[in-house]
Amino acid sequence: MNNCESEEIVEAANIAISNLLPTKSRSLYDIAYNRFKKWCAEKNVQIYSENVLLPYFSENAKNYKSSTLWAQYSMVKSCLIIYDNIDISKFPKLIAFLKRTGDGYQAKKSKILTKSEIDRFLSSADDKEFLMIKVGLILGIAGACRTDELVNLTVDDIEDVGSSLIVKIPNTKTKIPRIFVVTDVGNMLELFRKYLSLRPPHVKHKRLFLYYKAGKCSSQPVVKNTMGKIPSVVASYLKLPDVACYTGHCLRRSSATLLADAGVDITTIKRHAGWKSTKSLRVMSKLH
């Protein structure tokens, strides 16, 4: 093997390694890894042993809640395996320490919207101000959608067949979309069609959700932060308590709870929302 071939192989290996980290959140992994490396440099540490990782995460535990600490551990672990060939998942004392930081900790769950609250908002809120919020609420609840799924939804992902909407949520991993149907209940289809009709003709992208104000849509697509505030906007309009507890995850929790209340079995709910495991689904209060 000549030097040229060796360099090509090394370059190919480096590219393959770089692709092992999640594309969307790679920057977060790099930040977590570089923060650890900087700490090690300040402590003159060169060997990443368990006795090094323990004080590092012990210091972090003073500033992070348990769930964030585990996330930091996961990112550092992945980077150390990829870049340094070190597997810290085999450090039993470190794992035991991280587990203890979660003793007594209970993650806050997003509140849910009931059917009557959803119906009340859709029927009473002024379309001139809340039309985009209404359409986001309808699709989010109907499909148990994640915030980023709504943000990335395009006009090509929705087929209006007259009596209903057939919505396809793309899956970049399996390439098999998740499909759900919005039926003509109340004025849901009318609201969707009204919003779509306001789409400016000069918009060059296909994103469905555009910023909406005073009865008009702009060409600017809605970002994730704005989409995630839909439940809190609804809760605020309805004057519900603890508005801040209606997070972006409210749409998925509300959808699963409504289906459970209607007697839908857990396997069907899991398939409908795209949950990989029943354990993930059981975080819904109605499904315990």
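So which of K168/K194; K24/K93; K109/K216; K173/K229 end up more than 25 Å apart, counting from Cα to Cα? Over 25 Å Cα-Cα: K24/K93; K109/K216; K173/K229.
For a paramagnetic label modelled on V243 (point 7 Å from Cα along Cα→Cβ), amide N atoms under 17 Å away belong, within the stretch 211-232, to 226-232.
Charges were assigned to the Cβ only: +1 to each Lys and Arg, -1 to each Asp and Glu. The resulting dipole of the chain about its Cα centre is roughly 800 debye.
Each label point was placed 7 Å from the Cα along the Cα-to-Cβ direction; for S123 and S197 their separation is 2.3 nm. Counting only protein heavy atoms and a 1.4 Å probe, the chain has 58 square angstrom of accessible area per residue.
The slack between I166 and S116, meaning 0.36 nm per residue of separation minus the straight C-alpha distance, is 15.6 nm. Taking 0.36 nm per residue of sequence separation and removing the Cα-Cα distance, the S219/T267 pair yields an extension gain of 13.3 nm.
Once each part is reduced to its C-alpha centroid, what is the distance from the stretch 158-176 to the stretch 180-230 in angstrom? Computed from Cα coordinates, the inter-centre distance equals 16 Å.
The values are calculated or read from the model by the stated rules, or taken from the named source; none is laboratory data. Worth saying up front: this structure is predicted, and the values here are computed from it rather than measured. Don't worry about glycine lacking a Cβ; one is built from the backbone with ideal geometry, like all the others, and counts go over all protein chains shown. For accessibility, only protein heavy atoms count, side chains too; no ligands or nucleic acids. Shrake-Rupley method; radii C 1.70, N 1.55, O 1.52, S 1.80 Å.
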